[in-house]
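The block underneath contains the structure these notes are about, expressed in structure tokens.
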Amino acid sequence: MSSEKKKKIKPQRPRGFEDLSGNDLTELNRLRDSIQKTYSLYGFDALETGIIEYSDVIGSFLPDQDRPNEGVFSFEDDDNKWVSLRYDLTSGLARYVAENYDSLPKPYRRYQSGWVFRNEKPGPGRFRQFFQIDADSIGSDNPLSDAEMCMMFSDAIESTGIERGDYVIRLNNRKILDGLIDSLNISGNKSGSDINLAIMRSIDKLDRLGLKGVEQLLGEGRKDESGDYTKGAGLENSSIKEILLFLEHGIDSKNLNRKKSLENLSKQFGSNDIFSEAIEELDQISSIIDVAGYDEKRIIVDPSVVRGLGYYTGPVYEADLTFNIETDDSIEKFGSVGGGGRYDDLITRLKGARVPSAGISVGVSRLSSALKYLKKQNINKEKLSVVVLVMDKEKRSLYYKIASQLRSAGIPSECYVGDGGMKAQLKYADKRQARLALILGEDEEASSSITIKDLMAGKEASGEILDNEEWRSGKVSQKTVSLDSLVEEIKTLLEL
RNA sequence: GCAGCUAUAGCUCAGUUGGUUAGAGCGCCUGGUUGUGGACCAGGAGGUCCUUAGUUCAAAUCUAAGUAGCUGUACCA
């Protein structure tokens, strides 16, 4: 006996994976639909690609070890080829574009949503499987496509029910930071170098760690709450000062209009070539969205945005929720719900030729919990459903006929399909959160009527019942009606 | 990866300086009520006290290692 028990496998879902049901699932679908509808309004095409790609295509390479790359779920297929679960939707897009390059319209603009997988340590609000909704524009160098991304981003977020003022699109350019770091004359620095990336990473943590944390990371290093130590970039004090000054300006400029903000920036570091180029690009984007009527309530210039260290090459955008979230012991910023930017070199790897591109990606779980917090989600939206009880198993066909009639009238209805008695069936209906139970037994049959039991009303009444006799009767919230008028009665009852 | 914390019933947790049969609330099941879910009453099932080794007359309790989880941090093409 005990050995048998030992064999019983503990039902446990892998960490970082979620089961979705009920309201959460409905909400996911709703968000996906409204965002995709926005993308579609802009003229983007829908695309689906598989969730598995060849590992080398996905951008990883086979090292000498057994596993291709950290962070990616990978395995060998029958042909001894390494395949991987997609870690984002861009990799599939890149492959698709390179494969069908000649037949696609250029620029090619498409949207896609789906689950992506990362084999990483999950944390609060971070999963190993999560849902992304992307839109990308392939094959355009034009600032118009960046501007379009920002505007569409803003529209998409508003379409989910988040109101203007509760979010903002922060626009920046990677070249601004490149220019800044370039002007510091740090030895060994160039775009993509270790020291360059270390600085970028430190700046990226401004939101979470604040100016002080960034200062520590740029210098010697930083100790976290648990006592663990992170080694810093080791810059000289003068350089750190410059960067911090710049970041402070970034914080200030959030409150300025875009034009003013860009003017200030160019005054501050105008002499650097890379920097000037960045300002010029941002200026063009800003003019386009100005004319289109997207003001600073929706899109701001914020020089502290870093985004995806790897493949972004120009303008970057991030959607931030601006309200605070109050937890038990602290008040935190809700933070980013998605982002994107220009990546001019990504498809080059698969295609050879340079393919300038820009894209955005929205993470749905964050957005969903934000909406839940704002109470915009339709929580416990009253479900309209009816369970027809099986009182006499011989007469099942009759019950099915009733359920079928109700369905024709647009009322979701089901017949109990289990083996339990009446008590068990009502328990079932209760757990299903059905609104009504229909009872047609001997009593009702004799008068060709049917009893409608309002489960919600009964539940409410139950708190007031103290007398056991009254309880026993169980008839507080019931109504017996003629079988012919059933549909009408239900419609009046539910105010349809 | 690094660091800190934690591990007792399905869930949330209590368990005294190491002491005899390990508890509570919720949930679940049964009955009160063979035609009534949800209130109420009565009863019941459910435990490798994470694993292994050690200390001890005696370990859920102390020690060590391992494992898993949580939190922070790092990484995240």
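The values are calculated or read from the model by the stated rules, or taken from the named source; none is laboratory data. Bear in mind that the values here come from a model prediction, so they are computed numbers and not experimental data. As a convention, Cβ positions derive from the backbone with ideal geometry for all residues, glycine included, and neighbour counts pool all protein chains shown. Surface accessibility is based on the protein's heavy atoms, side chains included, excluding ligands, DNA and RNA. Shrake-Rupley method; radii C 1.70, N 1.55, O 1.52, S 1.80 Å.
Of everything in the stretch A:226-246 that is more than 9 Å from RNA strand B (Cβ to nearest atom) and open to solvent by 40 Å² or more (accessible area, probe 1.4 Å), the residue that is nearest to the chain's Cα centre (by Cα) is A:Leu245.
Candidates are the residues of the stretch A:453-462 that are near RNA strand B (Cβ under 6 Å from one of its atoms) and surrounded by 15 or more Cβ atoms within 10 Å (Cβ to Cβ); the one that is modelled with the highest pLDDT is A:Lys453. Scanning the stretch A:194-225 for residues being open to solvent by less than 20 Å² (accessible area, probe 1.4 Å) and small (Gly, Ala, Ser) gives a total of 4.
Quick check on my filter: what residues within the stretch A:430-449 are surrounded by 14 or more Cβ atoms within 10 Å (Cβ to Cβ) and either more than 10 Å from A:Val387 (Cα to Cα) or not hydrophobic (A, V, I, L, M, F, W, C) (or both)? Hits for the stretch A:430-449 are A:Asp430, A:Arg432, A:Arg435, A:Leu440, A:Gly441, A:Glu444, A:Glu445, A:Ser449.
Scanning the stretch A:54-67 for residues that are surrounded by fewer than 20 Cβ atoms within 10 Å (Cβ to Cβ) and either at pLDDT below 50 or of a type outside the set (Phe, Trp, Tyr) (or both) turns up A:Asp56, A:Val57, A:Phe61, A:Leu62, A:Pro63, A:Asp64, A:Gln65, A:Asp66, A:Arg67.
Across the stretch A:323-338, the number of residues qualifying as modelled with pLDDT of 80 or more and open to solvent by 60 Å² or more (accessible area, probe 1.4 Å) comes to 0.
Yes/no matrix, rows are residues, columns are (1) surrounded by fewer than 14 Cβ atoms within 10 Å (Cβ to Cβ); (2) within 11 Å of RNA strand B (Cβ to nearest atom); (3) in a helix (DSSP H, G or I):
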position	(1), (2), (3)
A:Val387	no, yes, no
A:Asp419	yes, no, no
A:Ala424	yes, yes, yes
A:Tyr428	no, yes, yes
A:Thr451	no, yes, no
A:Glu464	yes, yes, no
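What pairs come up if the first residue lies in the stretch A:86-97 and is touching a residue at least 40 places away in the same chain (Cβ under 8 Å), the second is part of a helix (DSSP H, G or I) and open to solvent by 10 Å² or more (accessible area, probe 1.4 Å), and their beta carbons are under 9 Å apart, counting only those six or more places apart or on different chains? Once the first residue is touching a residue at least 40 places away in the same chain (Cβ under 8 Å) and sits in the stretch A:86-97, its partners that are part of a helix (DSSP H, G or I) and open to solvent by 10 Å² or more (accessible area, probe 1.4 Å) give A:Ala94/A:Arg349; A:Ala94/A:Leu350; A:Ala94/A:Lys351; A:Arg95/A:Leu350; A:Val97/A:Leu350; A:Val97/A:Lys351.
Looking only at the stretch A:177-217, filter to residues that are more than 23 Å from A:Val301 (Cβ to Cβ), aliphatic (A, V, I, L, M) and more than 10 Å from RNA strand B (Cβ to nearest atom); which one of those is nearest to the chain's Cα centre (by Cα)? In this case the residue turns out to be A:Ile195. Taken over the stretch A:100-149, the criterion of being open to solvent by 60 Å² or more (accessible area, probe 1.4 Å), within 16 Å of RNA strand B (Cβ to nearest atom) and in a loop (DSSP other than H, G, I, E, B) is satisfied by A:Arg118, A:Glu120, A:Lys121, A:Pro124.
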